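Shown next, in structure tokens, is the structure this report addresses.
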Amino acid sequence: MMQLVILLLIIHFSITYQCYRYASVKGYPVKVFTVLGCVPYFNLVVWIYLLFLPELEPFESHPQNQKQPL
């Protein structure tokens, strides 16, 4: 029984780490997604959500010469 608990904890913390890693790579708030990744069973939803989110572009990388539509 103890081995099962240890296995589940290892899986849980590895998913939490994946949530942290994907949030930091894609530019999303790391603390928010790490905390959400710490919630048992909800962390799988957050992890899958982060897999399909697009990467955020920094505001400075947008071209300045484009005109705003009216």
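The values are calculated or read from the model by the stated rules, or taken from the named source; none is laboratory data. The shown structure was predicted, so the numbers you read here are calculated from the model rather than taken from an experiment. Accessible surface areas use protein heavy atoms only, side chains included; no ligands, DNA or RNA. Shrake-Rupley method; radii C 1.70, N 1.55, O 1.52, S 1.80 Å.
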Full-extension gain in nm, residue 25 to residue 42, via 0.36 nm per residue minus C-alpha separation: 4.1 nm
Quick check: residue separation of residue 18 and residue 3 times 0.36 nm, minus the Cα distance between them. What number comes out in nm? 3.1 nm
Could you look at the stretch 1-50 and say what percent of its accessible area is carbon and sulfur, using a 1.4 Å probe and all protein chains? 79
Diffing the stretch 8-25: the Karplus 3J(HN,Hα) column from phi (6.51, -1.76, 1.60, θ = phi - 60°), in whole Hz with x for Gly and Pro, holds 5, 5, 5, 5, 4, 6, 6, 5, 4, 5, 5, 4, 4, 5, 5, 5, 6, 6
